[in-house]
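Take a look at the structure set out below.
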C-alpha cells in the first residue's frame, strides 16, 4: 500500500499573497528531496497561487506526518526572513491505495476557491452518467460509488444520489469517494483552496471526462503558471505512479480546449 499526500500551505506570498515566493518553494522542495528513500518515496513541489503545494508518496498511512511539521517550520522560517506574512493555513489531503499497473492519479489544485469547490465536480464525475459515460460503459463502475462526508455520513450512489445532493446542499462536504467494492477512488480537502486527489483509468473514471467535469463549476481551468487567485481557479497535475515513484507531472489544463 502507498499513500499519496498533497499539502498546500499559505506561508505568505507577494504581492499581497498572490504568488508563493520561489525561495519558500525551493526550501520545501529541498527538504522533501532529502527525505526520498527515508520517510517518503518521492515528491514534487510547486506553487498554486499564493500557496506552496507539495505532492509526495509514502509507504502506508501516517508515516510521513512528522515530516509535515518539519516542512512547515522550515518554510515559515524562510518566509519570515524575507518579510512575508501569510494566513499560516495548512491543508492536507491523502489517499491510500494498492498501486495498480499503469496507476494514473490526477491532483487538482485550487486558488481563490471555497471549501465546497469539489462538491459538484465529484458528484458529476462519480454519480452522473451523462457527464461520465464510463459509469455505464465500464462494468466495474456500474454498481456505483460511496461518498463519505465530513460528518461521517455515507451515501451509496446511484440509489442515494438525491439524499447525497440534499446533504451537500445543507453544507456538508464529500471528503472521500470509494467504489462499491471499497476501492479508494478520490479524496478532497475541506479548507480554503482545497486540493483533490483522484485516481483514473481501468475501473475508474476516464481522464478526459474528469477534466471536463472538473472545469467550470465556478472554477476557471488554467495552466499551473496562471494560478494567481484573482479569480477562483484550478490546475490539474497528471501523474503516473510506479513503485511509489511519481512519473510526471503533466499540466493537463495547459491545453487550448480549456482556454477562455
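General observations
- Ranked from largest, the principal axis spans of the Cα set of the stretch 126-208 equal 32, 26, 23 Å.
- Between 237, 68, 211, the residue with the greatest mean-square fluctuation in the GNM of the chain (Cα pairs under 10 Å linked by springs) is 68.
- Contour excess over end-to-end distance, with Cα ends at residue 182 and residue 14 and 0.36 nm allotted per residue: 56.2 nm
- Solvent-free Debye calculation, one equal scatterer per alpha-carbon of the chain: log10 I(q)/I(0) at 0.13, 0.14, 0.15 Å⁻¹ equals -0.80, -0.93, -1.07.
- Once the Cα atoms are used to define both axes, helix 65-81 deviates from the longest principal axis of the chain by about 50 degrees.
- Of the beta bridges in the chain, as assigned by DSSP with both residues counted there, near 95 percent are antiparallel.
- Fully extending the segment from residue 36 to residue 251 would add 75.1 nm, taking 0.36 nm per residue of separation and subtracting the current Cα-Cα distance.
- Among beta bridges identified by DSSP and lying wholly in the stretch 1-97, the antiparallel ones come to about 95 percent.
- For the pair residue 190 and residue 225, the difference between a 0.36 nm per residue extended length and the Cα-Cα distance amounts to 10.2 nm.
- The chain: relative contact order in percent, alpha carbon pairs under 8 Å with at least 6 residues between: 23
- Taking the fewest neighbouring Cβ atoms within 10 Å as the starting point, the ordered list for 61, 209, 103 is 61, 209, 103.
- Value of relative contact order over the stretch 1-97, rounded to a whole percent, pairs C-alpha under 8 Å and six or more apart: 46
Bear in mind that the values in this text are calculations on the coordinates, not laboratory data. Note that the structure is a prediction, hence the values are computed from the model and not measured. In this analysis, Cβ positions are derived from the backbone assuming ideal geometry, glycine residues included, and neighbour counts consider all displayed protein chains.
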